[in-house]
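Heads up: the structure comes next, in structure tokens.
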Amino acid sequence: MAGKVALITGITGQDGSYLAELLIDKGYDVHGIVRRASTINTSRIDHLYEDPHNGDVQLRLHYGDLGDANSLRRILSEVQPTEIYNLAAQSHVRVSFDMPLETADVGGMGTLRLLEAVREYQVTTGTEVRLYQASSSEMFGKVHETPQRETTPFHPRSPYGVAKVFSYWAIVNYRESYGLHASNGILFNHESPRRGETFVTRKITQAVARIKHGLQDKLYLGNIDAKRDWGFAGDYVYAMWLMLQQDTADDYVVAMNETHSVREFLELAFGHVGLDYNEYVEIDPRYYRPAEVDLLLGDSSKARKQLGWEPQVSFHDLVQMMVETDLEQAVREKALEDAGLSPSITNRKAA
Ligand code: NAP
Ligand code: G4F
């Protein structure tokens, strides 16, 4: 595997951290693009900088932004990647209604800035760069058929979904126009203990753990009848890598091929600690979206057949894994609170 150099945008996010781990394990020289923030936000990747066996540097970070085309060109010429994984986005669907322009600028135009930087880089250096684009099942939105597959028409229901549709077609267009090895992974929802705390699964598992340890007494949610096809993020980043190992670039749905409601997730997560969610959950309309995606159910048979991809973690095991990890975190939080070192954040209504 010597000579393979990966560049990951969005490396500080959930998927970026799992993908960086995978690529380091595979012997890649791994680089990531990070935005400057007023506080350090690299907690998901802090364990990856050095090889624990010999102290060698195995991950390098570069300041840049999908909004800043110059920074992308500079980083490409410094890093000279053979594979690029474009995971950067304002990825929260409800927030995209509050910040549609930022969401479109990063999740839509940002992809185009990156594509242009890659095209220029290939022309000037004569080196092939393979590109993965983090496309989303959110593009199916108000679904035209069930299950959703690669040929299902898009009908996005949020500024986020609209931005992702733009990026999807930009990738296809650069593939067809310039022969770029650029692939879209149309990934259905994937979660983990590293999932952002304001996405519904993590919001639930964190609340379950905090309620169990007396740190919180209510959980406020929006539409709990929505259905999603949820898998484990660690399995899904493997599919990203597989796409870039193919001779020909293509587009693939990645999903578990099963759907569950938020209500079912609640039953399992609260049930895991012996609690009944009905006693703790309250509906707060401020978590409703102006337009909702009611049902997502993927058909990932193309990825399974052509890439040989198979998920390893079931829905049930995913819920259990997330609750267990958040229970450990709640124990630490409780100990700090008991020692008077951490102010209790009752009910976390802001999330
Ligand atoms: P995430 O945890 O929200 O991570 C998003 C990443 O994008 C973070 O590293 C963030 O950096 C970075 N970012 C945001 N704006 C940026 C900008 N202007 N310039 C550079 N970086 C920027 O998302 P995720 O769950 O890992 O998802 C990864 C990608 O897959 C996203 O594009 C998402 O839309 C897409 N996707 C996710 C799912 C899913 O279920 N998780 C499904 C389908 C598609 P900061 O840390 O600085 O904020
Ligand atoms: O966890 P969510 O915010 O994920 P959503 O909107 O499906 O988007 C995620 O998956 C997409 C792939 O399909 C990604 F592209 C995207 O980046 C992101 O990772 O919400 C899931 C469902 C929605 O129907 C929402 O209305 O849960 C419902 N929900 C109910 N109460 C809630 C809440 N969602 C959030 N975030 N917070 C709530 O309190």
remark   = Exactly one of Leu48, Leu61 is within 20 Å of His190 (Cβ to Cβ) and more than 16 Å from ligand 2 (Cβ to nearest atom), and that residue is Leu48
key: Unique match (being open to solvent by less than 60 Å² (accessible area, probe 1.4 Å) and more than 15 Å from Asp326 (Cα to Cα)) among Ala269, Ala209, Ala255   = Ala255
inquiry  = For the stretch 1-43, give me each residue that is without any contact (Cβ under 8 Å) to a residue 24 or more places away in the chain and acidic (Asp, Glu).
reply    = Asp25
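Residue by residue, here is whether (1) within 20 Å of Thr12 (Cα to Cα); (2) away from ligand 2 (no atom under 13 Å from the Cβ) holds:
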residue: Ser71; (1), (2): yes, yes
residue: Leu76; (1), (2): yes, yes
residue: Val79; (1), (2): yes, yes
residue: Ser91; (1), (2): yes, no
residue: Val95; (1), (2): yes, no
residue: Glu102; (1), (2): yes, yes
residue: Val118; (1), (2): no, yes
residue: Tyr121; (1), (2): no, yes
inquiry  = Restricting to the stretch 67-86, name every residue that is closer than 26 Å to Gln246 by Cα, open to solvent by less than 30 Å² (accessible area, probe 1.4 Å) and not in a strand (DSSP E or B).
reply    = Leu72, Ile75, Leu76, Val79, Pro81
Scope the stretch 137-163; condition under 16 Å from Ser91 (Cβ atoms) and open to solvent by 10 Å² or more (accessible area, probe 1.4 Å); matching residues = Glu138, Pro156, Arg157, Pro159, Tyr160, Val162
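Here is a yes/no grid of residues against (1) part of a strand (DSSP E or B); (2) surrounded by fewer than 21 Cβ atoms within 10 Å (Cβ to Cβ); (3) more than 16 Å from ligand 2 (Cβ to nearest atom):
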{"residue": "Leu7", "(1), (2), (3)": "yes, no, yes"}
{"residue": "Thr12", "(1), (2), (3)": "no, no, no"}
{"residue": "Asp15", "(1), (2), (3)": "no, no, no"}
{"residue": "Arg36", "(1), (2), (3)": "no, yes, yes"}
{"residue": "Asn41", "(1), (2), (3)": "no, yes, yes"}
{"residue": "Pro52", "(1), (2), (3)": "no, yes, yes"}
key: Matching residues, the stretch 252-298, being touching a helix residue (DSSP H, G or I) at 6+ places or on another chain (Cβ under 7 Å) and charged (D, E, K, R)   = Glu258, Glu267, Asp276, Arg289
note = How many residues of the stretch 113-142 are among the charged types (D, E, K, R), over 14 Å from Ile84 (Cβ atoms) and part of a helix (DSSP H, G or I)? The answer is 1
request  = Could you tell me which of the residues Val323, Val313 is assigned to a helix (DSSP H, G or I), away from ligand 2 (no atom under 13 Å from the Cβ) and in contact (Cβ under 8 Å) with a residue 40 or more places away in the chain?
outcome  = Val323
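The values are calculated or read from the model by the stated rules, or taken from the named source; none is laboratory data. It should be emphasised that the depicted structure is a prediction, and the values quoted were computed from it without experimental measurement. Cβ coordinates were reconstructed from backbone atoms using ideal geometry, including for glycine residues, and neighbour counts include every protein chain displayed. Heads up: the accessible areas ignore ligands, DNA and RNA and are worked out on the full protein's heavy atoms, side chains in. Shrake-Rupley method; radii C 1.70, N 1.55, O 1.52, S 1.80 Å.
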